[in-house]
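Written below as structure tokens is the structure these notes are about.
The values are calculated or read from the model by the stated rules, or taken from the named source; none is laboratory data. Here the structure is a predicted model, which means the values were calculated and not measured. Cβ placement follows ideal geometry from the backbone for every residue including glycine, while neighbour counts extend to all protein chains displayed. Heavy atoms of the whole protein, side chains included, go into the accessibility calculation; ligands, DNA and RNA do not. Shrake-Rupley method; radii C 1.70, N 1.55, O 1.52, S 1.80 Å.
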Amino acid sequence: MSNRESSVGTDQATRSRPTGSRVDWLFDPKLLSVAFGSLAVVVIGGLIQVSLGSYSMTITQAWQAVFNPDVLFNHRAWNAFLLGGELPEMSRESLIVWDIRLPRVFVAILVGMNLALSGAIFQAVTRNELASPFILGVSSGAGLLILLTLVVFGSLSAFLPLIASAGGTLAFLIVYAIAWKHGTSPVRLVLAGVIVGTVFGSLQTALFFFAEDIGVVQSAIAWTTGSLTGTDWEQVRLVLPWTVVAVLLGVAGSRQCNVLLLGEQTAKSLGMSIEKVRFALSGVAVLAASASIAVAGIVGFVGLIVPHMVRNLVGSDYRKLIVGCLFVGPALMVGADAGARLALAPDQIPVGIVTGLVGGPYFLYLMRTQQHMGEI
Amino acid sequence: MFDTIASITQGRNRDEDDSEATATASAPESTDSSASRLTGTELVLGYPTTDDPIVDGETITGERGAVTALVGPNGSGKSTLLKGLANQLAPDDGVVLIDGQDIHSLDTKALARKLGLLSQESTSPDSITVEELVSHGRYPYRGFFEHVTYEDECAVDNAIDLAGCDHLRDRQVGSLSGGQKQLAWIAMVLAQDTDVLLLDEPTTFLDLHHQLEVMEIIETLRDEREITVVVVLHDIEQAARHADSIVALRDGEIKARGPPEEVITEQLLAEVFEIDAEVDSTDRGPRITPIRARHEGSEAESTDS
């Protein structure tokens, strides 16, 4: 087809491609390989995760248990998992894998998606590659309220997920308010985030002094470093609906992100109500970050690193970038969580420590190899 | 060469524009109903960080289907005035009308379908292609969940063609030279398919070839599509040669306006730009030979008026 056209030359009508090619970009070979590579990591990490534990299984046994048709195609089982109904009869392996071990993998997948999505959106909104839920104060706000609850208002600890989300939202609103001066700017948003993060961080440290029980301190540390230990279907049920909402809005908003990246003036002259869009997108990012903090605590670096990795692989078109993040985020989380379990086996370390240990050096590597870092 | 030149999307929005033009009932001219007139009246413009306004009560008109050039020394308020006209900067006082409608009252996307702006410093991610950049020009035509239409694709094709960057279509923006980048950005504004186009120093920092190319595109737009162009230019000679009308600013005040031959005089260059220069009129418009910079007030005043 293209041969014929090139001989025609400047003909206008033939050059434009037919409509209906609207999802062409999805089949970008780079994006596809990122997606399949990530899926492979998730599957391998997940299998390692389900085969480990006090009841040990071989990989084959674990595999059989995961793909046990009696569970996979049993709507009563899914009803039990997703809606909290009565669990049907099943073999011991299946019960252990499906009821105890797999939920942790699912939570890791959902948390990875949320954090990566949140980071990607924050980076577009602030037009700054260094932005993440961490930098913009969301994590520190959530962490402060978690500590406050555990140390001072112990009776409220049943509501920790909600409280964590409220803290994240509150901190981001404070950041936005500080940054607002006849509108916001990317640099002011990041600076305000650092200010709020520093203050909240100090308050967190101060709170540790008031903790009387070492158990409370350990629980607090698990929350503030991010951990998937002990997550089950309840956490999946908690985070899944918000993830669906955030992912749909994030994918729908990717074109807005693309236009935001052209700079404030251009976005405005293209007719974007820039403050509204920025606030709405931030809202989606806060929602995603809060949902993940609510079930896994503050897992560092995922929100910062994943968008970077994806950007290096598929470019900065946000339509591809966000889709890529939805695959790479889970891969990093599931991989790191498998590492967290294997590293000091049989003891488990919080997954946040692994993501920090992996993420830090990777970021350093990026800093060294990339000429320009900062503005997207 | 191609008959689509009259409208970048082959007439998609014509009906709408016609009805609006007649609704304003301000059309004694009958030659073109598509071109728009942009008027800023008694504009007072300043930035939140400054106390005194930069532009204090000036009136400026971009005539239908004509190129109006804003010239003046650095810091004379040209860009500020342009931002005011483009609704990038809300005026403290005064009003900007496009075809008799207050641009402030228009929906942001509706305005972006009528008025395009190419800013002085445009940034984009390095890894997007020229085609992707240009397709962002269709943003004001698409709703939140809408996808690319046939019109959008035609507009992008035509804009790329008009800006002469067909050969760059699949190149990444980050790999282009300054001049090529500017052509890509111009294509993006063209894809916006507006009747009014505001350009802030589109030729500054470009080599001569690309400067001429940009000015040729502007002339094509005026001649074939009857677009109203307001352009800030650093080079007075360039302004004199390509513009239909020139507005000279100094300290936020309009010192002179009119056709190039009338505005570009030795006296004006002394007053506005503080230079001694010779102006010869040639068949390509006035030619300016700068001689020396003037220093301080005394000397300038002695030769004034």
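Which FRET efficiency value, to the nearest 0.05, is calculated for residue A:92 and residue A:44 with the Förster distance at 30 angstrom and r the Cβ-Cβ distance?
E between residue A:92 and residue A:44, to the nearest 0.05, is 0.80.
How many times 2.2 N^0.38 Å is the alpha carbon radius of gyration of segment A:43-132?
1.41
Got a sec? Charge dipole of segment B:119-221, +1 on Cβ for Lys and Arg, -1 for Asp and Glu; which of B:127, B:149, B:204 is way out at the positive end?
Highest projection toward the positive end goes to B:127.
Relative contact order for segment A:116-376: what percent, with Cα pairs under 8 Å and sequence separation of 6 or more?
Here the relative contact order equals 31 percent.
Hey, can you grab everything whose amide H is under 5 Å from the amide H of residue B:72? Only 5+ residues off in sequence or another chain; H modelled, so Pro and N-termini drop out.
B:249
Using a probe radius of 1.4 Å on protein heavy atoms only, what is the accessible area buried between chains B and A, both sides summed, to the nearest 100 Å²?
3200 Å²
Based on DSSP, what percent of beta bridges with both residues in the protein assembly as shown are antiparallel, to the nearest 5?
DSSP beta bridges in the protein assembly as shown are roughly 60 percent antiparallel.
Could you tell me the calculated FRET efficiency between residue B:262 and residue A:27, based on Cβ-Cβ distance and R0 = 60 angstrom, to the nearest 0.05?
0.50
Suppose accessible area is computed on protein heavy atoms with a 1.4 Å probe; arrange B:54, A:121 from highest to lowest.
Largest accessible area first, the list is B:54, A:121.
Which number gives the lysine pairs in chain A that have C-alpha atoms under 30 Å apart and are eight or more places apart or on different chains?
6
Mind ordering A:224-237, A:254-267, B:275-288 by average Cβ neighbours within 10 Å, highest first?
A:254-267, A:224-237, B:275-288
Round to the nearest 0.05 the FRET efficiency obtained for residue A:181 and residue A:273 when R0 = 22 Å and r is the Cβ-Cβ distance.
Approximately 0.75, to the nearest 0.05.
Taking only Cα atoms and a 10 Å spring cutoff, compute GNM fluctuations for chain A and point out the largest among A:145, A:304, A:313.
Largest GNM mean-square fluctuation: A:313.
By Kyte-Doolittle mean hydropathy of at least 0.5 and Cα axial length of at least 15 Å, which whole DSSP H helices of chain B are selected?
The answer, listed by residue number, is B:178-191.
Ordering A:75, B:242, B:147 by accessible area with a probe of 1.4 Å, largest first, what comes out?
Listed by decreasing accessible area, they come as A:75, B:147, B:242.
In nanometres, what is the gap between the two model label sites at residue B:291 and residue A:155, each 7 Å from Cα along Cα-to-Cβ?
9.2 nm
Rg/Rh for the protein assembly as shown: what does it come to with C-alpha atoms and Rh from Kirkwood?
Radius of gyration over Kirkwood radius for the protein assembly as shown works out to 1.07.
Taking +1 at the Cβ of each Lys and Arg and -1 at the Cβ of each Asp and Glu, which of A:176, A:243, B:111 sits farthest along the dipole of the protein assembly as shown towards its positive end, judged by Cα position relative to the Cα centre?
Value: A:243.
Rank these residues by their accessible area, most exposed first, probe 1.4 Å: A:272, A:309, A:367.
Descending accessible area places them as A:367, A:309, A:272.
At a 1.4 Å probe, what is the % contribution of carbon and sulfur to the accessible area of chain B?
Carbon-and-sulfur percentage of accessible area, whole number: 46.
Per residue, how much accessible area does chain A show when a 1.4 Å probe rolls over the protein heavy atoms, in square angstrom?
On a per-residue basis, 45 Å².
What is the distance in Å between the Cα centroid of segment A:115-188 and that of segment B:61-133?
When both Cα centres are located, 36 Å separates them.
In nm, give the distance between the simple-model label positions of residue B:281 and residue B:244, each being 7 Å from the Cα along the Cα-to-Cβ direction.
My value for the distance between the label points is 2.0 nm.
Which of rounded, prolate or oblate describes chain B when judged by the alpha-carbon gyration tensor and an a/c cut-off of 1.5?
The shape class here is prolate.
Can you list the residues of segment A:251-278 whose accessible area drops by at least 40 Å² going from the chain on its own to the full set of protein chains, with a 1.4 Å probe?
Listed in order, they are A:252, A:255, A:256, A:262, A:265, A:266, A:268, A:269, A:270, A:271.
Over all distinct Cα pairs, what is the inverse of the mean 1/r for segment A:116-376, reported as the Kirkwood hydrodynamic radius in Å?
18.6 Å
Per DSSP H run of at least 4 residues, take -39500 (n - 2.57); add these up for the protein assembly as shown, divide by its residues and hand me the 222 nm value, nearest 500 deg cm²/dmol.
-16500 deg cm²/dmol
Placing +1 on the Cβ of each Lys and Arg and -1 on the Cβ of each Asp and Glu in segment B:180-305, which of B:220, B:248, B:282 has its Cα farthest towards the positive end of the resulting dipole?
Ranked along the dipole, the leading option is B:220.
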